[in-house]
Amino acid sequence: MARNSRPRISISKTCSGRSTDLQMLRSLLILLLTIVIASSTRSVSALIDSLVCDDDYGDDDGIVVSPGSAACADNDRQALLMFKASIISDPNNALADWTQLPSGRNCCAWNGVTCDGVSGRVVRLKLPNQQLKGTLSPELGALSELQALILHNNDLSGGIPASLAKLSSLARLCLGGTSLSGSIPEAFGRGLTSLQLLDISDSSLSGSLPASLGGMSRLGRLYLKNNHITGTLPPSFGRLSNLYDATFSNNKLSGRIPEGICSNLTTLISLSLDNNQITGLPTDLHNCVTLQYLSLSGNPLQSADSVAGIVTAPMIMEIDLSNCGLTGNFPSWIEKLPHYEGPRGFDDDLWPSITLSDNKLSGEIPAMAIAALPGYMRTVALDKNRFSGPIPPTFANISSLWGLALQENQFSGVIPSAFEQMTSLTYFNVSYNNLSGSIPQDAPFTNFSISAYQPGNLGLCGLPLAPCNEG
């Protein structure tokens, strides 16, 4: 079967003209959306090197610095010295040259500090991975021309000073990998109007997200994973019209994602909400026109219908709903997933896939539902459920499939002979089922290890298992 093909439905003559018009309209819409995502991908690619907190790119982080050799401003020097005073341990001597002595009064020459060459104002403070122990001094808010504050992976504790909201030129704020606690200041959404990257992952934040979150209108990347953030995703999140990558994994966010959240999320490509307490999605995500990756793994969704709105996201490619307590039959909405085959987003690891692993879904999987999946799908993971009956032979229609995980279910019957055409498979597992008969005796099936077929399936035979009895 050709890629992207669906089961054909005969249409009467009286409706054929209208059907053709609808098909042309659908094709035009897909073309327009492809142009949108291609444009978004190019703009994202231009930002990707600078919107990071690590040191892979040195100081090539997009910060604007005028050439020159002006000495630092007195107010900035005093603010930096107040920050140093809040540090109680500096085992790497990262702040050793921060001094009031005449020989070291020019703070533009201090370790981790970058100044504008004309004004002498501090524009970058970058001291990651230095084992600095202490707190964030509120006086950092006096560095009014600061564009990058990069202090991740230090032993910083206490709260985040609300005074940082005064940094209206700040574009990069990297405070992840610390012990900072408390909530994100409400003032951030009103003051940090130039912020493009906010990373406070792997810390000890708590409380709810600021209602003013959407005020950080230039935000492109938002990383808040591995904290203790509670409450719901605020409606203002939908106003982040430049956001393309957001991660809230491993927090305590709860409730249903608000309706209308996609009102202005027109550049969002990746949204990670795994391991929270989310209970459902909006019914309409069509305004999330560039959304390609969504993870809700480890949330108490229970009903597959609670996320049916995902099919309205026109470019969705990768969906992870594993370990969500889903019950009932195979979700009917999967048949309606969009068939988008245009450019992928910024993440080279982004591949079309559907993951429903480790749930409580049961019953037979309709062959027509699998036939409706996009032919370019790379992985389908349905393992650790309670599916029964035969394995649909229509999996073979997914011509680009790399991985098929069906283990730990209650499938019976044979491995479909149509699977012999699935030559792209690099991962296949049907162990812990009740299958019988011969394994397809062609590559790649004969090359998979025994663990792909057993334990379970005592009636299976043929390589890599024992030969089948010809009688």
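Values computed for the structure shown
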quantity: Residue-normalised accessible area of the chain, expressed per residue, 1.4 Å probe, Å²; calculated: 42 Å²
quantity: Within the accessible area of segment 407-471 (1.4 Å probe), percent carbon and sulfur; calculated: 51 percent
quantity: In Hz, Karplus ³J(HN,Hα) per residue of segment 241-253 (6.51, -1.76, 1.60; θ = phi - 60°; x = Gly, Pro); calculated: 6, 10, 6, 10, 8, 9, 10, 10, 4, 6, 10, 10, 5
quantity: Volume per residue of the C-alpha convex hull in segment 174-275, rounded to whole Å³; calculated: 79 Å³
quantity: Average silhouette area of segment 338-449, convex hull of alpha-carbon atoms, in square nanometres; calculated: 7.2 nm²
quantity: Loop-located chymotrypsin sites (Phe, Trp or Tyr not before Pro) in segment 52-138 whose Cβ has at most 14 other Cβ within 10 Å (DSSP); calculated: Tyr57
quantity: Cβ charges +1 (Lys, Arg) and -1 (Asp, Glu), total dipole of segment 64-191, debye; calculated: 100 debye
quantity: Nearest-ten-degree value, helix 13-48 long axis tilted from longest Cα axis of the chain; calculated: 30 degrees
quantity: Value at 222 nm in deg cm²/dmol, rounded to 500, when DSSP H runs of n ≥ 4 in the chain each add -39,500 (n - 2.57); calculated: -4000 deg cm²/dmol
quantity: Rounded D (µm²/s) - segment 283-385, Kirkwood Rh over Cα pairs, Stokes-Einstein at 37 °C, 0.692 mPa s; calculated: 237 µm²/s
quantity: Rounded to whole Hz, the Karplus (6.51, -1.76, 1.60) HN-Hα couplings of segment 428-436, x for glycine and proline; calculated: 8, 8, 10, 5, 6, 10, 10, 7, 9
quantity: Ellipsoid equivalent to the chain - semi-axes via the Cα gyration tensor, in Å; calculated: 51, 25, 20
quantity: Given charges at Cβ of Lys, Arg, Asp, Glu: the chain dipole, positive-most of Ala466, Gly363, Tyr432; calculated: Gly363
quantity: In Å², nearest 10: area of Tyr376 left accessible to a 1.4 Å probe; calculated: 10 Å²
quantity: Stokes-Einstein D in µm²/s, Kirkwood radius over Cα pairs - segment 257-320 at 37 °C with 0.692 mPa s viscosity; calculated: 283 µm²/s
quantity: Segment 152-309, accessible surface, carbon-and-sulfur percent (1.4 angstrom probe); calculated: 47 percent
quantity: Percentage relative contact order, the chain, counting C-alpha pairs under 8 Å, at least six apart; calculated: 8 percent
quantity: Label point distance in nm, Glu470-Ala70, each placed 7 Å from Cα along Cα→Cβ; calculated: 9.1 nm
quantity: Net length gained if the chain between Ser400 and Tyr427 were fully extended (0.36 nm per residue, minus Cα distance); calculated: 8.5 nm
quantity: Using θ = phi - 60° and Karplus 6.51 cos²θ - 1.76 cosθ + 1.60, couplings along segment 128-139 (whole Hz; Gly, Pro as x); calculated: x, 6, 10, 6, 5, 10, x, 10, 8, 6, x, 5
quantity: Cβ-based charge dipole, the chain, positive-most Cα from Ser69, Leu143, Trp333; calculated: Trp333
quantity: Where N is the number of residues in segment 148-218, Cα Rg divided by 2.2 N^0.38 Å; calculated: 1.00
quantity: Fully extended contour minus Cα-Cα distance, from Met82 to His286, at 0.36 nm per residue; calculated: 68.5 nm
quantity: Solvent-accessible surface (1.4 angstrom probe) belonging to Lys360, in square angstrom, nearest 10; calculated: 100 Å²
quantity: Mean separation of Cα contacts under 8 Å (6+ apart) over length of segment 362-426, as relative contact order %; calculated: 36 percent
quantity: Mean Cα-pair separation over length for segment 54-125, i.e. relative contact order, pairs under 8 Å, 6 or more apart, %; calculated: 41 percent
quantity: Estimated dipole of the chain in Debye, rounded to 20 [Cβ of Lys and Arg +1, of Asp and Glu -1, Cα centre]; calculated: 1040 debye
quantity: Volume per residue that the Cα convex hull of segment 395-468 spans, once the total is divided by residue count, Å³; calculated: 73 Å³
quantity: Antiparallel bridges, percent of DSSP beta bridges restricted to the chain (to nearest 5); calculated: 5 percent
quantity: Most to least accessible of Cys461, Cys468, Cys324 (protein chains only, probe 1.4 Å); calculated: Cys468, Cys461, Cys324
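The values are calculated or read from the model by the stated rules, or taken from the named source; none is laboratory data. Keep in mind that this is a model prediction, so the values were computed, not measured. Neighbour counts run over all protein chains shown; Cβ positions are idealised from the backbone, glycine included. Keep in mind that these areas ignore ligands, DNA and RNA; they rest on the heavy atoms of the full protein, side chains included. Shrake-Rupley method; radii C 1.70, N 1.55, O 1.52, S 1.80 Å.
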